[in-house]
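Here is the structure we will look at.
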Amino acid sequence: MLLREQSGVAAFMTSSASLQDRPLLLREINLACQEKRPVGQVFLVVINMADTNNYDEIISIFGYKLADDLLNIRLADIEFLSARQPTYRVGFWSVGLVFRAQNTPEYQAALEKLIRVLAKPVICRGIPVGIRAGVGICDLMKSTGAAEDLLQAAYLAGQVGAKSAAGWAECNYDLTTGHQRAFTLIADAENSLATAHEFSLRYQARIDLKTGRANAVETFLRWRHPTLGMVMPDEFIPLIEMTGLMRELTNWVLANALAQLASWHSLGFKLRISVKISPKNLEEVDFVLRLEELLKTHGIAPSFLELEFSERHKFTDMELTRTRLRELRQMGVSVSIDDFGTGINSLSSLENLPVSALKLDRRLVHSVVDNARQQALVKALIHMAHELDIYVVAEGVENQAMLEMLLAWRCDFAEGYLINRPMPAEAFIEWFTHRFPSK
Ligand code: C2E
Ligand code: CA
């Protein structure tokens, strides 16, 4: 152990005399935190060059000298970043720096390049060696806390990143307080996605309040984890959102939802489907292209699809989000803002985002039964949406009294336990056939 550590230190000392020490990085983090710049422009980046197990394997197979050389080559690989700003030693095999970008595309391009470089095997004395690196990222304009804690969190995020398919992860401060469960979920998500039946979808009907018929269905994701059992999306989605795996997860949801819809269409159930995406998906450059391909593969016209995203999320790049939503709507896909009425940004998101629908948050819907002020609010929201040519969906409708009020206020659609609980596909269509006999 001692020998290995000495060797690791030596590797850094000899590989780059320009690497500065951690206290200086802490000072730079403190200074950066005081800058008044928008979210998405100033980041603490920690690069774990190899995860520790990986490093142990390399040493036992190739010996210390080669391991040292590998790290030196890696340091040279990231020179495109370290030439831009001072790079500091964080641990034996990890470095950190404060990265500044003018905008989201610049940050994303740098991150993609970094991940690409780190994913390549290192050719060391003619031998290609794969070392699994991980990048941890902390947006300093979003973060509060002591520089030490931010660095620790970014370091742990780097370990999480090494275990995720994407190779990087954003900080989750809970990780520093030993949230082993969160770590397990993040580390296992990729495997579960590749394993049949661990992720699955549930379906809930959406009733058209004008006709009383269900013309659409909404999907909800579930994860039966191999050791932790059933895990609910409120727990795992925010964790997976910290990693690049949200792209794969949303792809999985969309592909499975569209396949299911195609099978229902072939049986004569001409339902529309509403699928949740992460607001982060809207920042992916090829999102619309991938969606078009999926729709084509399953033979579903875009007008049968609605994408929902929550308004609770802070968009890092509003302009990019707007462009993406416009592209989706031009394609014929509907987009709706979920959890509407709970965030402080509700009105500005309505004004700024080209959405087709808003979904009243279930807490807001629940509050209408015995609260006159909330009744006035919901009624006004529905009216305002209609003025803007936006249709309104009320979620979480649990009793007849709620439904009656929504009807009186000319809300367009309703979903909730009063109609049905989210169910697996086969149970859903059986229930649906029974409830709406003539299809
Ligand atoms: P959400 O989109 O606001 O979903 C509504 C939640 O309320 C769902 O919980 C649903 O099962 C539940 N619900 C439906 N009807 C009623 C009702 O009448 N009363 C009450 N009390 N609850 C009702 P669930 O399935 O646990 O999902 C929680 C959240 O996880 C979702 O909130 C959404 O933010 C996220 N989520 C779920 N599935 C997905 C997915 O496929 N992709 C993404 N990105 N997020 C998802
Ligand atoms: Ca909601």
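The values are calculated or read from the model by the stated rules, or taken from the named source; none is laboratory data. From a predicted model like this one, the values you see are computed outputs, not experimental measurements. Because the Cβ atoms are built from the backbone with ideal geometry, glycine has one as well, and the counts that use them run over all protein chains shown. Surface areas here come from the heavy atoms of the whole protein model, side chains and all, with no ligands, DNA or RNA. Shrake-Rupley method; radii C 1.70, N 1.55, O 1.52, S 1.80 Å.
List of remarks:
- Residue tally, condition more than 18 Å from residue 217 (Cα to Cα) and within 16 Å of ligand 1 (Cβ to nearest atom), over region 382-402: 4
- Residue in region 250-272 that is within 20 Å of residue 338 (Cα to Cα), in contact with an Asp or Glu (Cβ under 6 Å, 6 or more places away or on another chain) and buried (at least 18 other Cβ atoms within 10 Å of the Cβ) present: no
- Evaluation of residue 355 against (1) touching a residue at least 40 places away in the same chain (Cβ under 8 Å); (2) within 16 Å of ligand 2 (Cβ to nearest atom); (3) farther than 20 Å from residue 396 by Cα (one fails), failing number: (1)
- Count of region 220-244 residues which are part of a loop (DSSP other than H, G, I, E, B) and surrounded by 20 or more Cβ atoms within 10 Å (Cβ to Cβ): 2
- Qualifying positions in region 385-408 - open to solvent by less than 40 Å² (accessible area, probe 1.4 Å) and not acidic (Asp, Glu): 385, 390, 392, 393, 394, 396, 397, 402, 403, 406
- Taking region 83-171 as the region of interest, the strands (runs of 3 or more DSSP E) fully inside it that hold 2 or more residues being of a type in the set (Gly, Ala, Ser) are 94-100, 134-139.
- Filter pass, residue 240 being closer than 30 Å to residue 407 by Cβ and more than 16 Å from ligand 2 (Cβ to nearest atom): no
- Filtering region 322-346 to residues that are at negative phi, more than 14 Å from ligand 1 (Cβ to nearest atom) and modelled with pLDDT of 90 or more leaves 322, 323, 324, 325, 326, 327, 328, 329, 330, 331, 333, 334.
- Qualifying residue in region 322-332 (condition: closer than 25 Å to residue 213 by Cα and either crowded, with 17+ Cβ neighbours inside 10 Å or aromatic (Phe, Trp, Tyr) (or both)): no
- 1 or more residues farther than 15 Å from residue 217 by Cβ, within 16 Å of ligand 2 (Cβ to nearest atom) and touching a strand residue (DSSP E or B) at 6+ places or on another chain (Cβ under 9 Å): qualifying strands (runs of 3 or more DSSP E) within region 248-345: 305-310, 334-340
- Residue selected from region 409-418 under the condition open to solvent by less than 20 Å² (accessible area, probe 1.4 Å) and touching a helix residue (DSSP H, G or I) at 6+ places or on another chain (Cβ under 8 Å), by the criterion nearest to residue 354 (Cα to Cα): 411
- Restricting 282, 364 to residues that are within 16 Å of ligand 1 (Cβ to nearest atom), at pLDDT below 95 and closer than 22 Å to residue 39 by Cα narrows the list to 282.
- Any hit, region 300-311, residues being away from ligand 1 (no atom under 15 Å from the Cβ), open to solvent by 50 Å² or more (accessible area, probe 1.4 Å), over 20 Å from the mean Cα position of the chain (by Cα) and over 30 Å from residue 101 (Cβ atoms): yes
- Restricting region 204-226 to residues that are touching a helix residue (DSSP H, G or I) at 6+ places or on another chain (Cβ under 8 Å) and more than 15 Å from residue 423 (Cβ to Cβ), the residue that is farthest from ligand 1 (Cβ to nearest atom): 226
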